[in-house]
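Heads up, the thing below is written out as structure tokens.
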Amino acid sequence: MDFTLSDDQQVLLTAFDGLLDNYRTPPHGIHGYVAWDAAFQNELDASGFAEIAAQEGYGSLEAAMLVEAAASCPVGVEAAASMLVGPLIGHTSGVLALAWQIGRPVRYLAQAQRLCIFDHDAVLVATPAPGDWEEMSGVSAYPMARLLRVPADACRLPDDLAEAVRRRAIIGLAAEAAGLVRGAHEHTVRYVKERQQFGQPLGHFQAIQHRLAEDAQIVQAARLMAFRAAHADCSRQAAIAALYVQDAMRKLIHDCHQFSGAMGLTLEFPLHLWTYRLKVLQGEAGGRAAQAHSVASATWPKQKSKPQLATVLERTI
């Protein structure tokens, strides 16, 4: 598939890069785990980019490209659900949270104006109220809250719309994770170019070069698979993209922290702002097992069992 950007896509990404320029540098003096920025969120909402998938001439591919670009920044912002799922349910501004199970931590729930709840095959849409959730603290690098109950105004989506919402949510997961692995990889590459050891930069050692080259393959493959899924708007391709990045991110996280040495374990070193978010996404939407099951079900759908020979004979007598 040809992923050469069209003129319109190039203009779109250039404009979006201008918005991201203020958020590409890790915040100074950060000594915590969460780096969600309310100013970043407000600027994204006001820019109109969150509605890109619903605009004429654009679609889910362009939305996935913006999600990936935003996720590569060290400062977090809710973009995937708003850009990809929001247009399907009429959500045009503000944070949209996705809850994959009641009682589990939900990203951006405390900041959300709307909420999608995935309950087995059903999808509910609701407006969360403060009594419906409680904030959580932790090391996830996302603002998290636990969903305590289904909001009173929750309504169930029709089955076809529910399937589309689920598909777009998985595409958003794949695109966001692709941006995070790119951000972590680029930060590590910059570090090994600057960090001196034995009289030369760490990046001059072949063992590090080889493993970072393998990680670069992960980054590129994750991006292209997410974009392919978004372009096709296909449930099977979405599950494949999410499965790949949820599995491959383990190696990249390990390499990035190892090559950053002891510095990579400190909070003032911002690597965790990417890798800790990846750890959360590793288990999102059921994790690798759920995506593998989705891929298998789509590839080898269950066939109706053939009638037994004895039954056939009975019908012919």
Non-local amide H neighbours of Gly76 (under 5 Å, H modeled in plane, Pro and chain starts lacking H): which ones?
-> Ala35, Trp36, Asp37
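So what is the relative contact order for the chain, in percent, with contacts set as C-alpha pairs under 8 Å and at least six apart? Can you show the working numbers first?
Details: 513 pairs, mean separation 55.2, N = 317.
Computed over the chain, the figure is 17 percent.
Applying 1/(1 + (r/R0)^6) with R0 = 30 Å to the Cβ-Cβ distance of Lys251 and Arg104, what FRET efficiency is obtained, to the nearest 0.05? Let's see the in-between values first.
Working: r = 26 Å, r/R0 = 0.87.
Given R0 = 30 Å and the Cβ-Cβ separation, E is 0.70.
How big is the shadow of the Cα convex hull of segment 161-299, averaged over all directions, in nm²?
Numbers: hull surface 34.8 nm².
With every direction weighted equally, the projected area is 8.7 nm².
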Given the options Ala69, Ala112, Ala226, state which has the largest fluctuation in a GNM of the chain using a 10 Å cut-off (strictly under) for Cα springs.
-> Ala112
Simple spin-label model, 7 Å along Cα-to-Cβ: Leu5 to Ala298 in nm?
-> 2.6
10 Å binning of all Cα-Cα separations within the chain, expressed as whole percents from 0 upward | 6, 26, 33, 21, 8, 4, 2, 1, 0, 0
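In percent, what relative contact order does segment 36-149 have, based on Cα pairs under 8 Å that are 6 or more apart in sequence?
Computed over segment 36-149, the figure is 20 percent.
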Tilt, helix 272-282 to longest principal axis of the chain (alpha-carbon atoms), in degrees rounded to tens, equals 10
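Using C-alpha positions alone, give me the convex hull volume of segment 1-139 per residue in cubic angstrom.
Details: hull volume 19.5 nm³, N = 139.
Convex hull volume per residue, Cα atoms: 140 Å³.
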Taking N as the number of residues in segment 50-95, the ratio of its alpha carbon radius of gyration to 2.2 N^0.38 Å works out to 1.08
Highest GNM mean-square fluctuation among Gly32, Gly94, Gly57, for the chain with Cα springs under 10 Å, belongs to Gly57
Only residues of segment 64-79 count here: report those whose backbone N is under 19 Å from the spot 7 Å along Cα→Cβ of Leu267, or say none.
-> 74-76
So for R0 = 41 Å, FRET eff. of Leu148-Gln197 from the Cβ-Cβ r, to 0.05, ends up at 0.25
In terms of Cα to Cα distance under 13 Å, which aspartates and glutamates are near enough to Lys279, apart from those fewer than 8 places away along the same chain?
-> Glu176, Asp247
Computed for segment 161-299: size of charge dipole around the Cα centre, +1 on C-beta of each Lys and Arg, -1 on C-beta of each Asp and Glu, debye to nearest 20, value 160
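Multiply the residue separation of Gln217 and Met136 by 0.36 nm, subtract the distance between their alpha-carbon atoms, and state the gained length in nm to one decimal.
Working: separation 81, 0.36 × 81 = 29.16 nm, distance 3.51 nm.
Computed gain between Gln217 and Met136 is 25.7 nm.
Throughout, read-outs are computed from the coordinates displayed, never taken from laboratory work. From a predicted model like this one, the values you see are computed outputs, not experimental measurements. So basically every Cβ, Gly included, is an ideal-geometry build from the backbone, and we count neighbours across all protein chains shown.
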